[in-house]
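The values are calculated or read from the model by the stated rules, or taken from the named source; none is laboratory data. If you're wondering where the values come from, they're calculated on a predicted model, not measured in any experiment. Note: accessible area is taken over every heavy atom of the protein model, side chains too, but ligands, DNA and RNA are not part of it. Shrake-Rupley method; radii C 1.70, N 1.55, O 1.52, S 1.80 Å.
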Amino acid sequence: MEKIKITNLKKSFESKDVLDGVSLTIEEKESLVVIGPSGVGKSVLLKCLLGLVRPDSGSIRINGRETLGFAGIARDHGGSKVGMLFQGAALFDSMKVWENVSFQALQQGKGDKKEAYEKALENLNLVGLASGGDERVANLFPSEISGGMKKRVALARAIANRPDILYFDEPTTGLDPISSAVINKLIRECTKKIGATTLTITHDMSSVREIGDKVAMLYNGRIEWHGRVSTIDDSGNDHVHQFVRGLAEGPIQMQTDALK
């Protein structure tokens, strides 16, 4: 069953075509990872899905319903609940960890603070930060925890309302390899546990292999290649080959004028 269907999506900024006819389909409970060099429009695609950027043309259908008629907080996500893990975690510094995790419930006045606190502990336990009833991390401020722990807290917040769609923006940026591996494993486990459909944008090939069922490469405003993660090493596409292996030479040309 199709959960998200993007058709011929286009977005330009002044004279630059950032998205030039992007089409993708994500099945229910499937995990799609979008890869590509910096500046090719991955974040713009994500912002279009979230309703933060309005496409010039095209279609985004969620649960079979067109969603481009709304923007911002009024955005209709086809009846789905949506969770988001931001690149820099985006935690509120003035709030304790548990308040960050239960931010949406507290803002909407759902239940009392005690209930929100208990729910936060439940979600923190899912990401390994409240195991065995340990409440210490829940009562710290973001400035008192490590970068890897902040990402876990952000994941706990993203899944707090048990969304059926999850978006991840560079979930392992700034983390060491071990912390990255932990986050990738937690994302995979948590999304499977709640049965969410996920879209991730990333440069990290370890994340691609751990998180994704399918992968799509965005280049020059279009989907250059789309297939199962298990086939990415034998894609037969020169752009994918260069990106996956991190090669300087190939069809992907990076701007190097600043180095001259």
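Can you tell me the mean projection area, over all orientations, of the convex hull of region 1-148's alpha carbons? Units nm², please.
Dividing the Cα hull surface by four gives the mean projection, 11.1 nm².
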- [ ] Identify which of Phe92, Phe141, Phe13 has the largest mean-square fluctuation in a Gaussian network model of the chain, with springs joining Cα atoms closer than 10 Å.
- [x] Phe13
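Using a 1.4 angstrom probe, figure out how much accessible area region 1-159 has per residue, in square angstrom, rounded to the nearest whole.
Numbers: 7680 Å² over 159 residues.
About 48 Å² of surface per residue is accessible.
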TODO: May I ask you to give the average projected area over all directions of the convex hull of the Cα atoms of the chain, in nm² rounded to one decimal?
DONE: 15.4 nm²
Open item on the list: For a quick check, take a GNM of the chain with Cα springs below 10 Å and name the residue from Thr172, Thr191, Thr67 with the largest mean-square fluctuation.
Closed with: Thr67
- [ ] When you have a sec, figure out the Kirkwood radius of region 1-41 from all distinct Cα pair distances and drop it here in Å to one decimal?
- [x] 11.7 Å
Task: Sum of -39500 (n - 2.57) over DSSP H runs of 4+, divided by residues of the chain (222 nm, nearest 500) - done: -9000 deg cm²/dmol
TODO: Give the value in nm², to one decimal: projected area of the alpha carbon convex hull of region 167-260, averaged over all directions.
DONE: 7.3 nm²
Task: Linear extension gain, Ser143 paired with Ile178, 0.36 nm per residue minus alpha-carbon span - done: 10.5 nm
- [ ] Report, to the nearest whole %, how much of the accessible area of the chain belongs to carbon and sulfur atoms, 1.4 Å probe, protein only.
- [x] 50 percent
